[in-house]
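What follows is calculated from the coordinates using simple rules that are stated; it is not laboratory data. Computed from a prediction, not measured in an experiment: that's the story for all the values here. Please note: Cβ atoms are built from the backbone with ideal geometry, for glycine as well, and neighbour counts cover all protein chains shown.
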Amino acid sequence: MKPIASFTIDHLRLLPGIYVSRKDKAGHEVITTFDIRITRPNYEPVLNTAEIHTIEHLGATFLRNHETYAEKILYFGPMGCRTGFYLLLAGDYESRDVVGLITEMFCFIRDFEGDVPGAEAIGCGNYLDMNLPMAKYIARKYVDEVLTNIPDDRLTYPE
């Protein structure tokens, strides 16, 4: 079997950032998959499931209600390795194109107050596994340390 593209990225050199993971065709439409890397793989601790779950609920709610991108959002969810998230958008994009969107989303999470959308038994299969304070901390750290004035080397996979 051929290795999948994401397994060919040097995860020892990968820093937190926003990367185009792949581009696929669905009919005439390009689907762009973004790697939203929150922690440095194999160097920093992975994210715990409670904060990942909370970021997923808040991020998906924000994205699917975004005035510009709502109709282009195909998927937002966590990576199995728990170091970040995948965002799939209908359209042909580069990393720099979505820095504003990702920054808006993480600022929304950082500043969120109230009940996490969908965090009840009727709307979620594991609604008790949430940690809003930690999700807000991670969002603040990602905005401050990665997204603010993000350099080009955090937008292109290491070679």
Item to check | Charge dipole magnitude, Cβ of K and R +1, D and E -1 - region 1-133, Cα centre, debye nearest 20 | outcome: 620
Next on the checklist: Just want to confirm a number: the relative contact order over region 12-146, from Cα pairs under 8 angstrom separated by 6+ residues, in percent.
Outcome noted: 27
Item to check | Hz values of 3J(HN,Hα) by residue in region 127-144 - Karplus curve (6.51, -1.76, 1.60), Gly and Pro given as x | outcome: 5, 7, 8, 9, 8, 5, x, 6, 4, 5, 4, 4, 4, 4, 4, 5, 5, 5
Checklist outcome for this item: Over 19 Å (Cα to Cα) among K23/K136; K23/K72; K72/K141 -> K23/K136; K72/K141
Next on the checklist: Treating only the Cβ of Lys, Arg, Asp and Glu as charged (+1, +1, -1, -1), what charge dipole size does region 105-159 show about its Cα centre? Round to the nearest 20 debye.
Outcome noted: 100
Checklist outcome for this item: Note, C107: beta-carbon cut-off 11 Å, +1 each Lys/Arg, -1 each Asp/Glu, net 0
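Given the Cα-Cα distance of A90 and K23 and 0.36 nm per residue of separation, how much length would full extension add, in nm?
Full extension of this stretch gives 23.1 nm more.
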Next on the checklist: So if each residue of separation counts as 0.36 nm, and I subtract the Cα-Cα distance between D115 and D152, what length gain in nm does that give?
Outcome noted: 9.7 nm
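Tell me the mean residue ellipticity at 222 nm calculated for the chain from its helices only (DSSP H runs of n ≥ 4, each -39500 (n - 2.57), averaged over every residue, nearest 500).
Helices in the chain give a 222 nm mean residue ellipticity of -8000 deg cm²/dmol.
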Next on the checklist: If I fit a long axis through the Cα atoms of helix 99-111 and take the longest principal axis of the Cα atoms of the chain, what angle between them do I get, 0 to 90°, rounded to 10?
Outcome noted: 20
Checklist outcome for this item: Taking Cα atoms, the helix 49-64 axis meets the longest principal axis of the chain at an angle in degrees (rounded to 10) of 80
Checklist entry - Each residue of region 21-33 in order: what ³J(HN,Hα) in whole Hz does its phi give by Karplus 6.51 cos²θ - 1.76 cosθ + 1.60, θ = phi - 60°, with x for Gly and Pro? => result 7, 6, 10, 10, 9, 10, x, 9, 9, 8, 10, 9, 9
Checklist entry - In whole angstrom, and with the biggest value first, how far do the Cα coordinates of the chain range along each principal axis? => result 41, 39, 37
Checklist outcome for this item: The set of residues whose placed amide H lies less than 5 Å from the amide H of R22, leaving out same-chain residues fewer than 5 positions away, is T33
